[in-house]
1. Which values, in whole Å and largest first, are the semi-axes of the equivalent ellipsoid of segment 146-214 obtained as the square root of 5 times each eigenvalue of the Cα gyration tensor?
2. Among (i) 1.29; (ii) 1.08; (iii) 0.95, only one was calculated for this model; which label is it, if the read-out is Cα Rg over 2.2 N^0.38 Å?
3. Using alpha-carbon positions, what is the distance between the centroids of segment 143-214 and segment 26-67, in Å?
4. Under 28 Å between alpha carbons, and skipping anything fewer than 8 positions from Lys174 in its own chain: which lysines qualify?
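What follows draws every value from the coordinates through simple rules; no lab data is involved. Quick caveat, the model's predicted, so the values are computed rather than measured.
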Amino acid sequence: MLKIQKWVVNPCQECTHVVSDETGEAVIIDCGVYKPGERKRLLDYISKEQLHPVRLLLTHAHHDHLYGNDLILEHFGLYPEVHEADKDLMLHMLPLRIKEIYGDNYPYSIPMPQSYLHSGEIISFGNHKLKVIHTPGHSPGSVVFHCWEEKIAFTGDTLFSMSIGRTDFPGGDKEQMAESLDLIARRLSDETIIYPGHGKKSTMGHEKECNPYL
């Protein structure tokens, strides 16, 4: 059974998730920890639970979802993994955006991927698997990580509780977002619990019934 630890972190109130199972293996999804206390809490949790992180996954390459990537590389030797369609965003636009926000005062390094995720890819850890569902719209390489066995999905900034991610950022696309929402509405069962990149968790059934964007 999956154990999901969530923290709401950084000035953007982003949701960082550590997902583990009975084997102790774990994946870290959207490591946005920024403040020293946030970073310490994450490391303390991993140590206390005796977890072994094996993958550092990004639902997309926006700055608020990856402030803690240097921490994970330093302590666990894991490089971030993002969908290949966000490669340009990660390599070129991300450093410029962080420079725009923080000037020369950004306190951390920005690790870059050594490999990229692909649509339909299966990510294995412990006794569980996550499937990569490509959902462009918020960014070209936005994805949902879906555990079909336990009916759980990490939807990043594609789908929120009662809302969706913005499409007016560079690389965003309103028509692609509509297609992506239709895809996950068809792909994910009503019982599927969604864990968004911002805000509270929900179910696909609730979102299909009440979310005005679906």
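1. Gyration-tensor ellipsoid for segment 146-214: 19, 12, 12 Å.
2. (iii)
3. What the calculation gives is 22 Å, centre to centre.
4. Leaving aside lysines fewer than 8 places away in the same chain, those within reach of Lys174 are Lys87, Lys99, Lys131, Lys151, Lys200, Lys201, Lys208.
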